Amino acid sequence: MDGAASVLGPGQLARLLGPWRVVGDSSRQPARLALAERIRSLILDGRIAVGARLPAERPLSEALQVSRTTITAAYTLLVEQGYAAARRGSGTFTALPERLLARPTGGFRDSENPDLIDLSCAGPAAPTAELRAATAWAADRLHLESGNAFRPYGLPELREAVAERYTARGLPTEPGQILVTAGAQGAISLVARLLVRQGDRVLVEGPTYANVIDSFTAARARLYPVPLDEATGWLDGASGRIPMAQAASRLAPRVVYSIPHFHNPTGMLMPPEHAGQLARAARRAGAWLLADETITDIALDVPVPPPFAAGVSPADAERLLVCGSLGKSFWGGIRVGWLRAPSRVVHELAAARASLDLASPVIDQLIAVAVLREGMGVDEARRVEARAGRAVLEAALREWTPDWTWHTPPGGLSLWVQLAEGEESTSLVYRAGTHGLVLQSGPRFGADPGTYERFLRLPYSQTPEMLREGMRRLAAARTALGPVRASEARRDLVA
Ligand SMILES: Cc1ncc(COP(=O)(O)O)c(C=O)c1O
């Protein structure tokens with residue numbers, strides 16, 4: 001088995017490189033330097049996975065129409081600077097220099113300072129009226145909960161309500177396939193805890209949801225990010241294949257984790273036909289496929305996607321786990337989520353959670369029943385709010401930082417913004433903190449530390465006033481940082 005995170009074909013690399021001879025500040029750079037510089041940018045931006053095998057020199061020289069000596073010299077430069085490693089007899093593999101390998105910690109707020117603008121999380125504000133109604137409904141029923149209330153599987157009425165919801169969306173589901181968890185994050189942590197052993201391989205998208213990286217890292221897994229294509233998402237435009245499915249076949253991971261709907265942080269939407277292909281590859285490789293549908297309901301410009309599992313064959317569904325929650329469509333303060341899994345896995349996970357949190361709070365679960373079954377939810381209102389927030393954030397970005405770019409996502413709660421050449425997300429986020437603005441830097445979303453320095457995730461779930469003020473502060477922080485200079489990470493090749 002080839003242990004490379006991915007294998008780049010010459011055509012694929014040529015496409016990713018784009019017009020590489022004219023990048024940077026000098027189009028008269030020697031070709032070897034320009035090529036090395038462009039490959040290094042692609043690695044740092046997470047577009048080429050760390051550990052990917054680069055094409056052999058001769059086919060690449062043909063694809064790029066440059067001499068083989070140029071390719072050899074560019075690869076040598078990359079190796080010297082720590083962005084590649086040559087393995088005798090197997091080829092040249094991408095890498096990151098040692099000094100970039102520290103994983104950044106999360107920038108969460110630990111202060112009730114009312115002047116602080118917190119854009120570190122993408123989650124809606126409490127829906128006061130609905131929350132009051134659902135809480136009153138739940139409080140009325142609390143006395144009906146008999147016994148000691150430690151139910152590791154979840155309240156039967158909530159498991160039924162979640163199962164009914166899947167069934168109504170076209171995916172027949174039994175309550176026995178549902179495990180209630182502490183938010184979708186609780187489901188992810190449980191999967192990492194129960195199913196992953198030290199050294200197991202876990203495939204994730206590059207970039208991916210920051211806390212998932214931490215959950216699987218804590219389980220001592222080896223994470224393999226599979227880069228999403230800026231234009232074609234999960235599909236490799238050159239080969240018409242799905243690199244994540246190919247990587248599953250090649251690496252035989254323990255878990256494949258995917259956010260198919262309005263992916264966090266990019267907002268991308270996986271076409272339903274890819275679900276079946278990914279699930280087939282995962283099952284054949286003996287992997288568990290964990291599809292995260294936490295954001296599925298936040299469909300802004302398209303209909304709510306069908307359940308991921310609807311496109312998966314019954315045989316492949318034996319290895320499929322799906323998590324979801326009310327965190328985005330209702331409120332994250334209700335710490336209720338769920339995992340849909342084969343019932344035998346539900347039993348195992350229910351047993352495993354005892355040492356973690358024993359069971360979910362009964363009152364929160366009853367509120368979730370009210371939201372799901374009694375029509376006290378806010379799905380459509382959330383979408384209206386999110387669309388308005390997105391428009392406000394985009395307008396503020398155009399006003400304050402016109403040189404930043406992004407793709408407007410068809411759903412979800414955040415923009416994945418690309419900063420100007422040479423700008424560094426970590427320094428900017430740090431400086432923003434001194435201006436009373438809390439953000440998560442791009443590298444938090446990269447399983448390979450040091451990647452995504454040129455990106456920033458900006459949620460638009462906050463109020464319009466907070467978004468506008470947040471962007472004003474961000475622009476002030478950017479000005480305070482001074483003119484864009486090539487950062488240390490990006491300077492070494494040119495020097
Ligand atoms: C993709 C994804 N999964 C899971 C979660 C966690 O959700 P919950 O609040 O339900 O734990 C989030 C929250 O941001 C998320 O974006």
Seminar exercise, completed: Whole-number value, in Å³ per residue, for the convex hull of the alpha carbons of the range 335-441 is 207 Å³
Seminar exercise, completed: In the range 102-242, taking the dipole from +1 charges on Lys and Arg beta carbons and -1 charges on Asp and Glu beta carbons about the Cα centre, the listed residue (V204, A231, L142) farthest towards the positive end is V204
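For the range 147-286, what is the per residue volume of the convex hull drawn over the alpha-carbon atoms, in cubic angstrom?
On the way: hull volume 17.5 nm³, N = 140.
So the per-residue hull volume is 125 Å³.
For a distance above 16 Å, tell me the whole-number percent of Cα pairs in the range 10-96 that qualify. Write out the running numbers ahead of the final one.
Working: 1767 of 3741 pairs.
The share of Cα pairs beyond 16 Å in the range 10-96 comes to 47 percent.
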For this session: State the dimensionless ratio Rg/Rh of the range 426-469 (Rg: radius of gyration of Cα atoms; Rh: Kirkwood radius).
Result: 1.02
Seminar exercise, completed: Rounded to two decimals, the Debye log10 I(q)/I(0) of the range 129-373 (Cα scatterers, no solvent) at q = 0.14 Å⁻¹ is -0.89
Exercise. Which order results if V384, V196 are arranged by neighbouring Cβ count within 10 Å, fewest first?
Worked result: V384, V196
Exercise. How large is ³J(HN,Hα) for each residue in the range 228-239, as worked out from phi by the Karplus curve 6.51 cos²θ - 1.76 cosθ + 1.60 (θ = phi - 60°), to whole Hz, x for Gly and Pro?
Worked result: 7, 7, 3, 9, 10, x, 7, 9, 8, x, 6, 9
For this session: Have a look at the DSSP beta bridges in the chain and tell me what percent are antiparallel, nearest 5.
Result: 55 percent
Exercise. Calculated FRET efficiency, H435 and D403, Cβ-Cβ r, R0 30 Å, to nearest 0.05?
Worked result: 0.95
For this session: Looking at the range 216-342, send over the antiparallel percent of its DSSP beta bridges, to the nearest 5.
Result: 45 percent
Problem set entry | Length-normalised contact order for the chain - Cα pairs under 8 Å, 6+ apart - percent | 20 percent
For this session: As a check on your grasp of the helix formula, calculate [θ] at 222 nm for the chain: sum -39500 (n - 2.57) over DSSP H runs of n ≥ 4, divide by the residue count, round to the nearest 500.
Result: -12000 deg cm²/dmol
Seminar exercise, completed: Between A381 and T232, the FRET efficiency computed from the C-beta separation at R0 = 22 Å comes out, to the nearest 0.05, as 0.10
Problem set entry | Of the trypsin sites (Lys or Arg not before Pro) in the range 51-88, those whose Cβ has at most 10 other Cβ within 10 Å and which sit in DSSP loop | R88
Seminar exercise, completed: The set of residues whose placed amide H lies less than 5 Å from the amide H of Y224, leaving out same-chain residues fewer than 5 positions away, is V202, L203, V204
Problem set entry | Calculated on alpha-carbon atoms, Rg and Dmax of the range 219-330 in Å | 13.6, 40
Problem set entry | Ranking of F150, F455, F308 by count of other Cβ atoms within 10 Å, fewest first | F150, F455, F308
For this session: Enumerate the calculated ³J(HN,Hα) couplings along the range 71-78 in order (Karplus 6.51 cos²θ - 1.76 cosθ + 1.60, θ = phi - 60°), each rounded to whole Hz, writing x wherever the residue is Gly or Pro.
Result: 5, 4, 5, 5, 5, 4, 4, 4
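How many percent of DSSP beta bridges within the range 129-373 run antiparallel, rounded to 5? Walk me through the intermediate numbers first.
On the way: 10 of 26 bridges.
Rounded to the nearest five, the antiparallel share is 40 percent.
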Exercise. Near D357, within a Cβ-to-Cβ distance under 14 Å, what is the net charge of the other residues, with Lys and Arg +1 and Asp and Glu -1?
Worked result: +3
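Take the alpha carbon atoms of the range 108-188, find their radius of gyration, then divide it by 2.2 N^0.38 Å using N residues; give the quotient.
Details: Rg = 17.0 Å, N = 81, 2.2 N^0.38 = 11.7 Å.
After normalising by residue count via 2.2 N^0.38 Å, the value is 1.46.
Ranking H263, H435, H274, H143 by Cβ neighbours within 10 Å, fewest first, what do you get? Working shown, then result.
Numbers: H263 25, H435 16, H274 19, H143 7.
Final ranking by Cβ density, sparse to dense: H143, H435, H274, H263.
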For this session: Measure nothing but the geometry: give the 0 to 90° angle between the long axis through the Cα atoms of 379-400 and the longest principal axis through the Cα atoms of the chain, rounded to 10°.
Result: 30 degrees
Seminar exercise, completed: In nm², the average projected area of the convex hull spanned by the Cα atoms of the chain is 23.1 nm²
For this session: Extending each Cα 7 Å along its Cβ direction at D115 and A388, get the distance between those two points in nm, one decimal.
Result: 2.8 nm
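Coordinate-derived values only; no laboratory data. Predicted model only: the values in this text are computed from it and were never measured. We place every Cβ from the backbone using ideal geometry, glycine too, and count neighbours over all the protein chains shown.
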